[in-house]
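Each remark here refers to the structure printed beneath this line.
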Amino acid sequence: MTTLESYVKGAWVAGSGDQTPLFDPTTEAQIAECGTGGIDMASVVAHARDEGGASLRRVGFAERAGWLRALSAAVHEARPQLIAASATNGGSTRGDAKFDIDGATGTLAYYAKLGASLGDGNFLPDGDGIQLGRTGRFWGQHIRTPRLGAAVHINAFNFPAWGMCEKLACSLLAGVPAISKPGAATAQVAWLTAKAIVDAGVLPEGAFQFLCGGAGDLLDHLGPQDCMAFTGSAATGARLKGHATLVGANVRVSLEADSLNAAILGPDVDDDAETWNLFLANVATDMTLKTGQKCTAVRRILVPADKVDAVVAELSARLGAVAIGNPADEAVRMGPVASPQQFEDVRKGIEALSAHARIACGGPERHGEKGFFFAPTLLVAHDPDAALLHELEVFGPCATILPYSGDAAEAIRLANRGGGGLVASLYSNDRKFTEAVVLGIAPWHGRVWIGSDKVAEQALHPGMVLPMTIHGGPGRAGGGEELGGLFGLELYTQRTALQGDQGFVGRRFGGASAES
Ligand code: NAP
């Protein structure tokens, strides 16, 4: 059995004391353990700030961008080991694993390219200059500079490589050192990714540390220039946001939490439209990719009442055809959920939903004899307004059809009952319906994905998070905004308004690109 180590203060160390077990969800056997007992968290934070931060800020955006490019290549190099570990310590098929790993390398590469365009400086002009006085002599300009603290990155179990690397890309490019903590259940993939990052040998000492296990009293040591970027459940996020030190010291916090993402089928879409097939294909993919363990997976499917029977028949047929089994088998399309805890949570979740909905396919029972397997589970709500259907995120291959009248107003009301979402997908060729729904749901969603006949051939599916557009959402989705090009650097930089002589403020600090 492997003991996974942490990388702190320039060395790999095994934690002492209690260890967290990691499982192979196909065989249910324990395969590894990890823990952070004995690690002095105060000195980890100090090391990041004093060594890592200082070294990162000694160079500018372009040089840090070069490091990101090298990290992308290093993680790509480790792809075969990462794919194998994703199967044994996550239940991921090859396709699922690639979604995570290629997402990680792609995001690092994207920020490398963006960073190269920012020049050699360490500040960014933010917006245009502003005339403040009677004439243009007295001038204003906003700029962004790297904050002087450490970034704590706490990640969820479902994207061990992408979750770590997308946060790292923004943090390092901004010039802020990272202390990265993976979700314990799939920490082996995160550990291998961390090894690739350290072994690449490009980052200055202290720029990246990796805590493989519990966070201990890490958060107690953060201060006003530090930040915490958290990804995980809404319940854990809310608990951490209220941490006394984070509140007392005004530590910046970004939460990426859970979301009952809605897919909305427009009343105009008939079964001979390309959009109909796009809708069915995307919903089936979303429910089964990564065994439904995606924060962006569709959980609520709004279908006009007169189309529910047709959708149930076609979707059930697609879901029933998905090959379930050992993810190492190339013919398999869906593996088990990742851990014993997940298995228990999903089982209980489907049972709870079925008090308000009939099960059209799948169910809460184990699929097969052994392992944490479920069949894809589609439910149809008795009453689309039942509160639980808008509150309970079942983090597995499970979604519920909510029949609605076909009115834009009702679609908006039901979609927004999720209380804040990462992404809502909308399928319609009716521009009036689409516009009404977009404007009605946008305040409650970080991203609205619009599918129509026009984009059916080209559209990437809505579950896919792209580094050039924002990831995050209001309300229960956490209120965070990660990625989105330069938006992704906001957590790590301080915006300051400069006011003074245009000849100095405007020329020295304004402009389209950063200067040294
Ligand atoms: P979780 O149980 O909330 O845990 C998330 C992270 O918080 C883990 O690393 C966990 O560590 C850590 N944690 C728990 N208690 C902590 C504490 N007191 N101090 C510091 N860290 C603490 O979530 P999960 O089960 O890993 O992930 C699934 C959830 O994440 C789902 O709800 C999903 O929707 C959400 N998610 C959201 C996004 C997004 O971008 N919005 C992306 C992926 C997943 P341990 O694992 O060691 O307990």
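The values are calculated or read from the model by the stated rules, or taken from the named source; none is laboratory data. For clarity, every value in this text was computed on a predicted model and none was experimentally measured. Every residue, glycine as well, gets a Cβ built from its backbone with ideal geometry; the counts of neighbours run over all protein chains shown.
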Hits in segment 1-37 (condition: surrounded by fewer than 13 Cβ atoms within 10 Å (Cβ to Cβ) and either under 24 Å from Thr291 (Cα atoms) or within 13 Å of the ligand (Cβ to nearest atom) (or both)):
Asp18, Ala29, Gln30
Looking at segment 194-205, I want the residues that are touching a residue at least 40 places away in the same chain (Cβ under 8 Å) and have a partner that is charged (D, E, K, R) with Cβ atoms under 7 Å, at least 6 apart or on another chain. Which pairs are those?
Ala196/Glu77; Glu205/Glu51
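Give me the strands (runs of 3 or more DSSP E) completely within segment 47-154, filtered to those with at least 1 residues that are among the small types (Gly, Ala, Ser), under 26 Å from Phe210 (Cβ atoms) and not assigned by TED's automatic domain parsing to the domain that holds Asn326, ordered by residue number. Reasoning before the result, please.
Details: elements: 124-131, 138-146, 151-154.
Filter on segment 47-154 gives 151-154.
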Considering residues that are in a strand (DSSP E or B) and of a type in the set (A, V, I, L, M, F, W, C), the number found within segment 216-233 is 4
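I'm checking my understanding of the structure. Among residues of segment 264-307 that are within 16 Å of the ligand (Cβ to nearest atom) and touching a Leu at 6+ places or on another chain (Cβ under 8 Å), which one is nearest to Ala387 (Cα to Cα)? Spell out the reasoning first.
Step one: of segment 264-307, the residues within 16 Å of the ligand (Cβ to nearest atom) are 286-287, 289-300.
Next, only the ones that are touching a Leu at 6+ places or on another chain (Cβ under 8 Å) stay: 287, 295-297, 299-300.
Working: Met287: 21, Cys295: 20, Thr296: 20, Ala297: 19, Arg299: 14, Arg300: 12 Å.
Step by step, filter segment 264-307, then rank; the result is Arg300.
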When only residues in segment 239-263 that are in contact (Cβ under 8 Å) with a residue 12 or more places away in the chain, more than 10 Å from the ligand (Cβ to nearest atom) and out of contact with any strand residue (DSSP E or B) (no Cβ under 8 Å at 6 or more places or on another chain) count, which is farthest from Cys398 (Cα to Cα)?
Ala249
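Is there a residue in segment 433-444 that is aliphatic (A, V, I, L, M) and not in a helix (DSSP H, G or I)?
no
Any chance you could count how many residues in segment 309-323 are over 31 Å from the mean Cα position of the chain (by Cα) and in contact (Cβ under 8 Å) with a residue 24 or more places away in the chain?
Step one: of segment 309-323, the residues over 31 Å from the mean Cα position of the chain (by Cα) are 309-310, 313.
From what is left, the residues that are in contact (Cβ under 8 Å) with a residue 24 or more places away in the chain are 310.
The total comes to 1.
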Looking at segment 159-178, is at least one residue farther than 22 Å from Ala32 by Cα, at pLDDT 95 or above, among the hydroxyl-bearing types (Ser, Thr, Tyr) and touching a His at 6+ places or on another chain (Cβ under 8 Å)?
yes
Confirm whether Asp40 is closer than 15 Å to Phe208 by Cβ and surrounded by fewer than 20 Cβ atoms within 10 Å (Cβ to Cβ).
no
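Can you name the residue in segment 190-215 that is within 16 Å of the ligand (Cβ to nearest atom) and outside any helix (DSSP H, G or I) and, of all such residues, is surrounded by the most Cβ atoms within 10 Å (Cβ to Cβ)?
Filtering segment 190-215 for residues within 16 Å of the ligand (Cβ to nearest atom) gives 190-191, 193-194, 209-215.
Those left that are additionally outside any helix (DSSP H, G or I): 209-215.
On the way: Gln209: 27, Phe210: 25, Leu211: 26, Cys212: 30, Gly213: 24, Gly214: 17, Ala215: 16.
For segment 190-215, the residue satisfying everything is Cys212.
Can you name every residue in segment 155-173 that is among the hydrophobic types (A, V, I, L, M, F, W, C) and either within 16 Å of the ligand (Cβ to nearest atom) or part of a strand (DSSP E or B) (or both)?
Of segment 155-173, the ones among the hydrophobic types (A, V, I, L, M, F, W, C) are 156-157, 159, 161-162, 164-165, 168-170, 172-173.
Residues satisfying the conditions are Ala156, Phe157, Phe159, Ala161, Trp162, Met164, Cys165, Leu168, Ala169, Cys170.
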Residue in segment 180-192 that is over 20 Å from Phe99 (Cα atoms) and free of Cβ contacts under 8 Å to residues at least 60 places away in the same chain present:
yes
Quick one: which residue in Thr236, Thr291 is closer than 19 Å to Gly349 by Cα, assigned by TED's automatic domain parsing to the domain that holds Val152 and not in a loop (DSSP other than H, G, I, E, B)?
Thr236
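Would you confirm whether or not segment 425-444 contains a residue that is surrounded by fewer than 24 Cβ atoms within 10 Å (Cβ to Cβ) and under 15 Å from the mean Cα position of the chain (by Cα)?
Looking only at segment 425-444, we keep the residues that are surrounded by fewer than 24 Cβ atoms within 10 Å (Cβ to Cβ), and these are 429-436, 438-444.
Next, only the ones that are under 15 Å from the mean Cα position of the chain (by Cα) stay: none.
No, segment 425-444 contains no residue that is surrounded by fewer than 24 Cβ atoms within 10 Å (Cβ to Cβ) and under 15 Å from the mean Cα position of the chain (by Cα).
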Residue count for segment 286-318, restricted to those that are under 29 Å from Pro80 (Cα atoms) and either of a type in the set (Asp, Glu) or in contact with a Gly (Cβ under 7 Å, 6 or more places away or on another chain) (or both)
8
